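Right, one structure below, let's go through it.
The values are calculated or read from the model by the stated rules, or taken from the named source; none is laboratory data. As the structure is a computational prediction, the values presented were derived from the model and not from experiment. Don't worry about glycine lacking a Cβ; one is built from the backbone with ideal geometry, like all the others, and counts go over all protein chains shown. To get the accessible areas, we keep the full protein, side chains included, count just its heavy atoms, and leave off ligands, DNA and RNA. Shrake-Rupley method; radii C 1.70, N 1.55, O 1.52, S 1.80 Å.
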Amino acid sequence: MHSFDDYYYFYLVVKHGGFGAASDASNITKSKLSRRILDLEAAFNVTLIQRSTRHFKVTPLGQEFFAECEKVILQTECARNVLLKQKSEPQGLVKISCPAVMMRYQIRSLLNQFLKAYPQVKIEMELTSRRVDVLHDDIDLAIRTNFQANEDSSIVVRDVIKTTHCLVASPELLKGRVIQYPTEINDYPTIVLGTQKPHDQWQLRRLDNQEQIDIPLEPRIKSNDLAGVYYSVIDGLGIADLPYLTVEHDLAAGRLVHILPEWCSNIGTVQLVYASRKGQRLVMEKLIEHLVEGLRANAGSHPGYAV
């Protein structure tokens with residue numbers, strides 16, 4: 001296939017009515033324009049332009065060829081405008097992974113604000129507590145809560161804010177009993193997140209003196225999704241460790257009881273995970289910025305977030 005540049009050079013020369021005018025308009029030398037069009041004519045054994053020192057005329061074949069070249073050039077301008085518009089207004093599809101409970105209580109309102117502000121943005125959501133691999137699972141942005149340091153240097157992990165957890169149970173399960181010591185937890189069935197751990201435990205830290213204690217567990221229920229833990233504890237099936245943000249309204253309504261409130265059961269880090277900053281689309285830049293600012297603004301002195 002012949003070089004597209006030659007079609008473009010021919011288009012310029014015909015559009016501007018001569019080699020000199022085309023050179024002035026494009027900053028491409030007259031000699032280069034002339035040589036490339038001669039090469040184009042030779043390649044197809046045709047005459048597109050009849051020229052001499054005083055004469056410049058486009059042949060009928062050249063006129064027909066120019067009309068087709070013009071269509072192609074205009075189409076490339078449309079394609080270029082798409083890229084220029086992308087630089088000025090976020091648009092396009094973003095594939096997001098996020099746990100369902102986290103989406104409901106932390107991300108949903110922020111994501112809805114973003115979508116209303118930028119109507120050309122489309123979102124595809126995978127709601128899961130599974131630790132997705134953004135490089136291999138075709139995910140642009142993974143939103144998650146992590147409890148361990150990141151060890152994968154091939155991805156960008158943005159720590160945004162820390163969230164507090166608490167131990168909760170239903171009044172139905174406790175039957176009026178007040179748990180006063182961590183060791184009493186094992187008098188009840190427990191519910192945990194994660195099905196692959198060989199050993200389960202909760203590490204508790206007392207808020208007033210930072211005393212720590214590990215509570216080994218033999219869970220009655222294990223769930224690979226936080227929603228499974230939440231609904232199991234609501235249904236009175238055991239004690240669970242859940243984000244305060246998730247159970248805040250249930251505690252206020254009396255549907256759940258905060259066990260050992262003087263102890264902190266866990267602190268997680270909300271993270272945004274994506275493949276690379278290099279060549280990042282505007283829609284990704286803006287969405288990440290919006291989520292970071294929104295999550296941090298929502299924190300304030302809210303007990304669901306750690307200082």
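Counting DSSP beta bridges with both partners in region 92-147, what percentage is antiparallel, nearest 5?
Expressed as a percentage, antiparallel bridges in region 92-147 total about 0.
How large is ³J(HN,Hα), in whole Hz, for each residue of region 230-236 in order, when computed from phi with the Karplus curve 6.51 cos²θ - 1.76 cosθ + 1.60 and θ = phi - 60°, using x for Gly and Pro?
The phi angles translate into 4, 5, 5, 6, 4, 7, x Hz.
With the other protein chains left in place, how much accessible area per residue, in square angstrom, belongs to region 68-142 at a 1.4 angstrom probe?
Details: 4620 Å² over 75 residues.
Solvent-accessible surface per residue comes out at 62 Å².
Starting from 0.36 nm per residue, how many nanometres of slack lie between Lys32 and Arg104 once their C-alpha separation is accounted for?
Separation in residues times 0.36 nm, less the Cα-Cα distance, equals 19.7 nm.
At what distance in angstrom do the alpha carbon centres of region 17-38 and region 220-240 lie from each other?
Between the Cα centres of region 17-38 and region 220-240 lies a distance of 74 Å.
Search the structure for amide H atoms under 5 Å from the amide H of Cys166, placed 1.01 Å from N in the peptide plane, and list their residues when 5 or more places away or on another chain.
Distant-sequence amide H within range of Cys166: Leu242, Tyr244.
Share of antiparallel DSSP beta bridges in the chain, in percent to the nearest 5? Please report the intermediate quantities before stating the final value.
On the way: 33 of 47 bridges.
Taking every DSSP beta bridge within the chain, about 70 percent pair in antiparallel fashion.
How tilted is helix 244-253 with respect to the longest principal axis of the chain? Cα atoms for both, answer in degrees (0 to 90, nearest 10).
Here the helix axis deviates by roughly 50 degrees.
If the limit is 31 Å between Cα atoms, which of Lys30/Lys71; Lys32/Lys71; Lys122/Lys197; Lys95/Lys162; Lys71/Lys286; Lys71/Lys95 go over it?
From the list (Lys30/Lys71; Lys32/Lys71; Lys122/Lys197; Lys95/Lys162; Lys71/Lys286; Lys71/Lys95), the Cα-Cα distance tops 31 Å for Lys122/Lys197; Lys71/Lys286; Lys71/Lys95.
At 1.4 Å probe size, with the rest of the protein present, what percent of the exposed accessible area of the chain is carbon and sulfur atoms?
Solvent-exposed carbon and sulfur of the chain make up 50 percent of the total.
Across region 39-44, in residue order, what do the Karplus-derived ³J(HN,Hα) couplings come to in whole Hz, using 6.51 cos²θ - 1.76 cosθ + 1.60 with θ = phi - 60° and x for Gly and Pro?
4, 5, 5, 5, 4, 10
Toward the positive end of the charge dipole of the chain, about the Cα centre and with charges on Cβ (Lys, Arg +1; Asp, Glu -1), which of Asn27, Val121, Ala79 goes farthest?
About the Cα centre, the residue reaching furthest to the positive side is Asn27.
Output wanted: per-residue J couplings in Hz (rounded whole) for region 97-106, from phi through Karplus 6.51 cos²θ - 1.76 cosθ + 1.60, θ = phi - 60°, x for Gly and Pro.
Values per residue, Gly and Pro as x: 10, 7, x, 4, 5, 5, 4, 5, 9, 10 Hz.
For region 236-298, which GluC sites (Glu not before Pro) pass both filters: DSSP loop (anything but H, G, I, E, B) and at most 12 other C-beta atoms within 10 Å?
Numbers: sites: Glu248, Glu262, Glu285, Glu289, Glu293; in loops: Glu262.
Those that pass, being in a loop and sparsely packed, are Glu262.
Pull up all non-local amide H partners of Lys122: gap of 5 or more, or a different chain, and H-to-H distance under 5 Å with H placed in the peptide plane.
Those lying under 5 Å, H to H, from Lys122 are Gly92, Leu93, Val94.
Could you tell me which trypsin sites (Lys or Arg not before Pro) in region 150-250 are loop residues by DSSP with no more than 15 other beta carbons within 10 angstrom of their beta carbon?
Qualifying residues, ordered by number: Lys175, Arg177, Arg220.
Among DSSP bridges having both ends in region 165-275, what percentage is antiparallel? Round to the nearest 5.
75
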